[in-house]
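One structure below.
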Amino acid sequence: MSTELSQRLVQLFRWSDPGPESSHLVSDISGWWRDPYVLTEIGPALVAPFRAAAPTVVVSPAVTGLLLGPLAATALGVGFVPAHKPADGRQPPGPTTWAQSTPDFRGRRITLGVRDRHLGPGDRVLVVDDWLATGAQVRALYQLCAARGAETVGTAVVVTDCPPQVNAELRVRALLDADRLGS
Ligand SMILES: O=P(O)(O)OC[C@H]1O[C@H](OP(=O)(O)OP(=O)(O)O)[C@H](O)[C@@H]1O
């Protein structure tokens, strides 16, 4: 990744205070999307470590993944498959394979679903997301891909906050470690 991109990712990131009802700050990554350089460069930077693995498809979880995943897929010249979260209030139509995560960074067990007709044997999946905290949602996506007979080549994220052993287990490549962003 270029120094310019990593500097902009850090400079454009904000921690946001949701108010007295919240005990913690929340990440604000909206500045990344507003910057044309980041928007152009982030997809190619995410996929660069995985080009040799020849992914055939990018899979990303809703909702931020619906923006980031297509940027990565376009950079690879492959298609994109969203992992739906019915908790959002919308059910994907047609046959769908489901997986449930272990508790994620907010203690939530997230149900994720991928349309059967978009993923199957012969696919080599690159998972793409903005942030890895516990790795719970990515692990559930790996289970989901395996249930469809697809192979996972790894996970590309912008920021990882995971311990090294989790990054290694999930074959994670990140553009930034969370400690670059302070708190
Ligand atoms: O490593 P984990 O503990 O699994 O958590 C990481 C996930 O949590 C966040 O998504 P969230 O579910 O908040 O959805 P969002 O994209 O709507 O922010 C983030 O975008 C990752 O997808």
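For region 105-119, a residue qualifies if it is within 8 Å of the ligand (Cβ to nearest atom) and over 16 Å from G65 (Cα atoms), and the qualifying residues are F105, R106, R108.
No other residue among S16, S2, S30 is modelled with pLDDT under 95, exposed (fewer than 14 other Cβ atoms within 10 Å of the Cβ), among the hydroxyl-bearing types (S, T, Y) and within 16 Å of the ligand (Cβ to nearest atom) apart from S16. Residue count for region 128-183 satisfying the condition of being part of a loop (DSSP other than H, G, I, E, B) and of a type in the set (D, E): 1. Taken together, A136, A150, A156 contain a single residue that is within 17 Å of R106 (Cβ to Cβ) and not charged (D, E, K, R), which is A136. When T160, T134, T152, T102 are checked against the criterion of being surrounded by 18 or more Cβ atoms within 10 Å (Cβ to Cβ) and more than 30 Å from Q11 (Cβ to Cβ), a single residue qualifies: T152. When region 105-124 is examined, which residues are found to be among the hydrophobic types (A, V, I, L, M, F, W, C) and modelled with pLDDT under 95? Result: F105, single match.
Could you please let me know if A48 is over 18 Å from the mean Cα position of the chain (by Cα), more than 15 Å from the ligand (Cβ to nearest atom) and closer than 20 Å to R171 by Cα? Here the answer is no, as A48 does not meet what is asked. Taking the criterion of being hydroxyl-bearing (S, T, Y), out of contact with any Phe, Trp or Tyr (no Cβ under 6 Å at 6 or more places or on another chain) and at pLDDT below 95, would at least one residue in region 144-158 satisfy it? No, because not a single residue in region 144-158 is hydroxyl-bearing (S, T, Y), out of contact with any Phe, Trp or Tyr (no Cβ under 6 Å at 6 or more places or on another chain) and at pLDDT below 95. For G69, the conditions (1) within 21 Å of T160 (Cβ to Cβ); (2) within 13 Å of the ligand (Cβ to nearest atom); (3) out of contact with any helix residue (DSSP H, G or I) (no Cβ under 8 Å at 6 or more places or on another chain); (4) modelled with pLDDT under 95 are fulfilled apart from (4).
Going through (1) in contact (Cβ under 8 Å) with a residue 60 or more places away in the chain; (2) away from the ligand (no atom under 15 Å from the Cβ); (3) outside any strand (DSSP E or B); (4) in contact with a helix residue (DSSP H, G or I) (Cβ under 9 Å, 6 or more places away or on another chain) one by one, V125 falls short only on (3). In region 1-41, of all residues being of a type outside the set (D, E, K, R) and in contact with a Phe, Trp or Tyr (Cβ under 7 Å, 6 or more places away or on another chain), the one that is farthest from R180 (Cα to Cα) corresponds to L39.
The values are calculated or read from the model by the stated rules, or taken from the named source; none is laboratory data. Quick caveat, the model's predicted, so the values are computed rather than measured. Neighbour counts are summed over all protein chains in view; Cβ atoms, including those assigned to glycine, are modelled from backbone coordinates with ideal geometry.
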